[in-house]
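Just so it is clear, none of the values below were taken in a lab; they were calculated from the coordinates. Just so it is clear, the model here is predicted, and its values are computed rather than measured. Heads up, the Cβs are rebuilt from the backbone with ideal geometry, glycines too, and the neighbour counts pull from every protein chain shown.
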Ligand SMILES: [Zn+2]
C-alpha cells in the first residue's frame, strides 16, 4: 500500500499501476478486520466509507476513494498450517469468498476448499491423488461426478474400478453400469450381470479360455461372491471404492505429517 497524505493532491498523479494480484497477506490486519463488516472501507487505513456519497477522498486518511476503496464482505474460513512440505503448506483450508477471491482456493498437501488441489483434496472441486468432492478428479476418487485413475465412487463415476449410479469402468457396478465386467440394474459389458443386461458377450469372451466361476472368483474382492444377495453387489463395491480412497487419504496425510515434522526439526 502506498503511503498517502492529505496534500497529495498537489503532487503529480502517476499513471495507475496495474492491479497487483490479490494477496490476503498484503492487506493490513486492521483493514481486513474492517472489511469483515461488509462495508466498503478504505484499503489504506480501514476507515468505513459507508454513506460517503459526495466525497472523493477518505475522510480519515485523505486517500482518493477511486484508489483506496475495497469491499470485502464476509469471508469464508481461511487457515494455513505453519508446517510445510517442500514449497506447499501441509494443510490449507479455504471455503467461500475471500479478499480478491470469489471462491476459496486451497493448494496444500491436504487441501480443503471450494477449489482444492493437493495430495488429499476435499471440496466442491477437488483434484488430488485422493479427491473427495462434488466434482472430483484424481486417482482414488469419491464425488458427485468423479473421474478416477484407479477407483471411483460417485453419482457419475468413471474409473478402472467404478461404483456409481452411472458407472463406467473395467470393473463397474451401479444402477446403470458399463464395463468390461459390469454388474447393475441395467448392465452392459463384455461380461455383464444385472436385472437388465443390455449388451453382453459372455459366451464369446469366456468361450474355452476361462470359466465364469474363475472370473467371478478373481473379481470377488470388488463384487463379492456373485451368488451372494443383491446387497453384496451394493455394499462390497461401496466399501471397496470408498474404503480404498479413505485408506489412501489416511496414509498420504500421515506421510505428509511425518515429512513436515522432519523438515521442521532438521531446520531448527
Ligand atoms: Zn483512509
Roughly how many whole Å is it from the C-alpha centroid of region 134-161 to that of region 39-116?
33 Å
Rounded if a/c is under 1.5, else prolate if a/b beats b/c, else oblate: with a ≥ b ≥ c from the C-alpha gyration tensor eigenvalues square-rooted, which is region 67-157?
oblate
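I'd like the FRET efficiency for residue 155 and residue 54, computed as 1/(1 + (r/R0)^6) with the beta carbon distance as r and R0 of 41 Å, rounded to 0.05.
Details: r = 54 Å, r/R0 = 1.31.
Efficiency for this residue pair is about 0.15.
Output the peptides 138-150, 249-261, 184-196 sorted from most to least packed, where packing is the average of other Cβ atoms within 10 Å over each peptide's residues.
Working: 138-150: 23.7, 249-261: 15.9, 184-196: 19.8.
Ranked by mean Cβ neighbours within 10 Å, highest first: 138-150, 184-196, 249-261.
Go through 51-57, 160-166, 27-33 and give me the packing order, highest mean Cβ count within 10 Å leading. Don't skip to the answer; put the middle values down first.
Details: 51-57: 10.0, 160-166: 24.0, 27-33: 15.4.
Top to bottom by mean Cβ count within 10 Å: 160-166, 27-33, 51-57.
Take peptides 36-43, 106-113 and line them up by average Cβ neighbours within 10 Å, highest first, as a rough protection proxy. Please list the in-between numbers first.
On the way: 36-43: 18.5, 106-113: 25.4.
With the highest mean Cβ count within 10 Å placed first, the list reads 106-113, 36-43.
For 153, 168, 233, which order do you get if you count the other beta carbons within 10 Å of each Cβ and list the fewest first?
168, 233, 153
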